[in-house]
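The values are calculated or read from the model by the stated rules, or taken from the named source; none is laboratory data. No experiment lies behind these values; they were computed from the predicted model shown. Please note: Cβ atoms are built from the backbone with ideal geometry, for glycine as well, and neighbour counts cover all protein chains shown.
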Amino acid sequence: MILQPRIQNFARRKATIVSSDKNSIERLQNTLLKVGVLLRRIETKVSDLSFDDYELQPTEDVIFLDGDLSGSLLTPEYPGTGFPVVPIIGMVGSEAPSRLGRLMTNGATAFIKKPIHMDTVFSTLFMAINAHNERASLVEKIADLDARRHSRRHVIKAVTLLMQHFSVDDERAYEMLRKQSMHEQTTIEIFAKKVVDRHTQSLDSLLT
């Protein structure tokens, strides 16, 4: 397996802090600035944080979420995965399972202990951002595999349609699909869906 290069420079990052702990906010703010992370926003309640007014960028944003706050963080997610598009770092005061669980439910993949110690911020950022990138890459690969698996049914149906329409066997029908998909510079799955979608029309116009 080829590993992605790990990010060690956070100069382009922008942090959103969700906490009512003034001491933690101050310590985080000071330390983040030292490592080049800009402070984008501070909210004292989870319910006050809305992403309708600004778009989160996976390559820029990171969220620090205080586990002592209640509520659900409505972070944009990769479609159909429940996985947030940006790294979320849980700020842990109480280690009660309910609060840790709430942080995980809200998408936290890394944690930093309160009170915040400045020498732990960089390592937490490093773990959170790189772990999130690796999981995001895996999520995208799984989604692609699922999409291709789903699209295989179009290939099977298209082969059947071509067999019936041109009176050929399955191997010949598949070869026709393959050659025409190459001719149109697309995947066989995409071209097969095109055949299926237009099966009520003349198939002769699709195959040259």
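A few points about this structure:
- In summary, G107 fulfils each of the numbered conditions (1) closer than 14 Å to A128 by Cβ; (2) out of contact with any Pro (no Cβ under 8 Å at 6 or more places or on another chain); (3) free of Cβ contacts under 8 Å to residues at least 60 places away in the same chain; (4) crowded, with 16+ Cβ neighbours inside 10 Å with the single exception of condition (2).
- If you check D170, D61, D144, D119 for being among the acidic types (D, E) and in contact (Cβ under 8 Å) with a residue 40 or more places away in the chain, only one passes: D61.
- G71 loosely packed, with under 12 Cβ neighbours inside 10 Å, assigned to a loop (DSSP other than H, G, I, E, B) and assigned by TED's automatic domain parsing to the domain that holds N133: no
- Summed over region 85-95, residues that are surrounded by fewer than 22 Cβ atoms within 10 Å (Cβ to Cβ) and over 18 Å from D21 (Cα atoms) total 1.
Here is a yes/no grid of residues against (1) more than 30 Å from V196 (Cβ to Cβ); (2) in contact with a Leu (Cβ under 6 Å, 6 or more places away or on another chain):
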{"residue": "S47", "(1), (2)": "yes, no"}
{"residue": "D61", "(1), (2)": "yes, no"}
{"residue": "G67", "(1), (2)": "yes, yes"}
{"residue": "Y78", "(1), (2)": "no, no"}
{"residue": "P87", "(1), (2)": "yes, no"}
{"residue": "A96", "(1), (2)": "yes, no"}
{"residue": "A131", "(1), (2)": "yes, no"}
{"residue": "I142", "(1), (2)": "no, no"}
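- Those residues of region 167-208 which are at pLDDT below 90 and farther than 18 Å from S151 by Cα, in sequence order: T200, Q201, S202, L203, D204, S205, L206, L207, T208
- Any chance D68 is over 16 Å from the mean Cα position of the chain (by Cα), under 30 Å from D146 (Cβ atoms) and of a type in the set (D, E): no
- If the condition is being farther than 15 Å from I116 by Cα and touching a helix residue (DSSP H, G or I) at 6+ places or on another chain (Cβ under 8 Å), then region 39-75 contributes L39, I42, P58, V62, L69, S70, G71, S72, L73.
- Within region 8-39, considering residues that are among the charged types (D, E, K, R) and under 17 Å from H132 (Cβ atoms), the one surrounded by the most Cβ atoms within 10 Å (Cβ to Cβ): R13
- Residue check for T124: closer than 17 Å to R13 by Cβ and over 10 Å from the mean Cα position of the chain (by Cα): yes
- Residues (of a type in the set (S, T, Y) and at positive phi) located in region 1-56: none
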